[in-house]
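Worksheet: one structure, shown below.
The values are calculated or read from the model by the stated rules, or taken from the named source; none is laboratory data. The model shown is predicted, which means the values in this text are computed figures rather than measured ones. Note that we place each Cβ from the backbone using ideal geometry, even for glycine, and neighbour counts take in every protein chain shown.
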Amino acid sequence: MDHLFRRKRLGLLKPLLSLSLVFASFLMIHKLKLAEKDGLGVKHARDADWCGSGCFSFKKGDVKSAVGSSEAPVLHKELDAQRVLNGTPASWDAQVLNCSEDASVKNQDWFRRLDPRFHQFVLHRHCRYFPMLINHPEKCADGDVHLLMVVKSVIEQHDRREAVRKTWGKEQTIDGKKIKTLFLLGSPTTGKDTKNLQKLIEYEDRIYGDILQWDFMDTFFNLTLKEVNFLKWFGIYCSGVQFIFKGDDDVFVNTHNLLELIGFRVEERKDADLFVGDTISKAIPIRNRQSKYYIPKELYDKPYPPYVGGGGFLMSSSLARRLFVVSEAQELYPIDDVFLGMCLQKLRLAPQMHPGFRTFGITRRRVSPMNSEPCFYKNLIVVHKLSAAELLRMWSVVRREDLVCAQRTSV
């Protein structure tokens with residue numbers, strides 16, 4: 001797995017990268033300070049110690065959180081009792097990682113034939129839970145969160161997180177329903193100035209207090225680690241939440257329509273097994289070696305179970321807890337949304353299709369004028385994918401009182 005191996009940077013590139021990052025750091029810090037002055041407020045100060053992701057294989061668990069070194073308060077006595085029954089720890093217990101490769105796999109014929117790009121993933125896919133660099137055990141401490149917005153991001157995508165916070169990811173209460181937001185991050189990938197980037201993300205978290213960060217490298221194959229580590233984290237710290245929206249930082253989410261969908265499912269008493277999104281059925285692994293989603297036959301050679309596009313989906317907390325249980329026995333897979341489909345299959349459940357979730361955009365043709373038509377966004381729930389500037393613009397237009405759509409728009 002990529003996170004256990006880092007290459008030495010070329011001598012000539014290092015100073016150039018450092019200079020570029022210093023300039024970018026100044027810009028980002030300036031923006032963060034402006035946000036701080038605008039009343040977002042600085043959260044509790046963190047311990048100054050920092051250990052780069054290059055030393056995570058022997059690091060003690062010194063987790064930064066908005067409540068210092070104390071553990072999250074217990075929400076309810078019955079939740080604490082339930083943790084004892086199901087074996088869930090009361091706090092994050094992955095404090096030290098010393099995960100060596102599974103050398104026995106190298107002796108198998110299928111591994112010798114396997115595309116080398118997947119070697120590290122296969123050798124280390126038993127490495128499942130990682131130490132936390134930033135934690136917020138207090139996020140759900142009041143026990144009254146209706147909807148938790150969980151957003152996958154990487155350190156460099158500061159502008160996207162800013163746009164989400166100003167739009168659909170804003171922490172607020174709507175019609176008595178409390179909404180909280182968290183961003184899921186790993187560590188900077190190989191070839192980046194990890195120390196400066198880490199300090200920047202810690203500074204950002206001091207302002208907003210909405211980042212969860214684990215000590216594994218933020219690579220495409222490691223997106224599945226965000227799934228399993230979050231599911232475990234959720235069972236420890238946020239079991240009282242009723243619903244979870246999980247998506248990318250480049251989607252548009254119509255919060256009103258999302259809450260309306262939840263309300264309908266609750267009224268119909270169809271919320272216990274709720275897992276809804278842009279469902280993909282009868283898919284097979286992609287064999288094109290140039291594709292981002294390429295999977296060799298040696299790794300997986302049968303049709304995929306039904307799954308939802310990872311750009312954005314909604315699930316109940318009850319189902320999230322059951323997903324965590326089955327995920328622990330499910331072998332990790334390098335495509336995160338397919339992995340969740342495999343876990344659902346183990347529960348003998350299928351994801352529910354909803355036309356309001358457009359994780360491939362309104363149309364697959366990027367240049368289509370429909371992809372920028374506000375009336376579509378007003379009636380949909382999730383649209384993928386938008387830049388930070390596009391998200392801010394569309395959010396502003398869709399919420400305008402003078403926006404008139406002649407009839408309910410559909411495609």
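Data for the structure
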quantity	calculated
Residue that is nearest to Ser387 (Cα to Cα), among those in the stretch 236-273 that are surrounded by fewer than 22 Cβ atoms within 10 Å (Cβ to Cβ) and small (Gly, Ala, Ser)	Gly263
Hey, Leu212 closer than 23 Å to His126 by Cα, surrounded by fewer than 22 Cβ atoms within 10 Å (Cβ to Cβ) and in contact with a Phe, Trp or Tyr (Cβ under 8 Å, 6 or more places away or on another chain) or not	no
Verdict on Gly310 being outside any strand (DSSP E or B) and at pLDDT 95 or above	no
Close pairs (6 angstrom Cβ cut-off, 6 or more residues apart or separate chains): farther than 19 Å from Gln213 by Cβ in the stretch 138-159, in a loop (DSSP other than H, G, I, E, B) and β-branched (Val, Ile, Thr) anywhere	Val145/Val241
Residues located in the stretch 283-298, provided they are without any contact (Cβ under 8 Å) to a residue 24 or more places away in the chain and either in contact with a Leu (Cβ under 9 Å, 6 or more places away or on another chain) or in a loop (DSSP other than H, G, I, E, B) (or both)	Ile284, Pro285, Arg287, Asn288, Gln290, Ser291, Lys297
Filtered residues of the stretch 95-115 (kept if surrounded by 14 or more Cβ atoms within 10 Å (Cβ to Cβ), in contact (Cβ under 8 Å) with a residue 60 or more places away in the chain and hydrophobic (A, V, I, L, M, F, W, C))	Leu97, Cys99, Phe111, Leu114
Selection within the stretch 299-334 - closer than 20 Å to Trp110 by Cα and either surrounded by 22 or more Cβ atoms within 10 Å (Cβ to Cβ) or touching a residue at least 60 places away in the same chain (Cβ under 8 Å) (or both)	Leu299, Glu331, Leu332, Tyr333, Pro334
Of residues in the stretch 249-307 being touching a helix residue (DSSP H, G or I) at 6+ places or on another chain (Cβ under 7 Å) and among the hydroxyl-bearing types (Ser, Thr, Tyr), the one nearest to Ile381 (Cα to Cα)	Tyr307
In the stretch 181-214, the residues that are at pLDDT 95 or above and acidic (Asp, Glu)	Glu202, Glu204, Asp205, Asp210
Filtered residues of the stretch 353-380 (kept if assigned to a helix (DSSP H, G or I) and either buried (at least 17 other Cβ atoms within 10 Å of the Cβ) or at pLDDT 70 or above (or both))	Asn371, Pro374, Cys375, Phe376, Tyr377, Lys378, Asn379
Search result, residues across the stretch 132-156 that are crowded, with 20+ Cβ neighbours inside 10 Å and in a loop (DSSP other than H, G, I, E, B)	His136, Pro137, Lys139, Cys140, Val145, Ser153, Val154, Ile155
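Listed here are the residues, each with its yes/no results for (1) at pLDDT 95 or above; (2) hydrophobic (A, V, I, L, M, F, W, C); (3) more than 22 Å from Leu259 (Cβ to Cβ); (4) outside any helix (DSSP H, G or I).
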| residue | (1), (2), (3), (4) |
| --- | --- |
| Tyr333 | yes, no, yes, yes |
| Val338 | yes, yes, yes, no |
| Leu349 | yes, yes, yes, yes |
| Glu390 | no, no, yes, no |
| Val404 | no, yes, yes, yes |
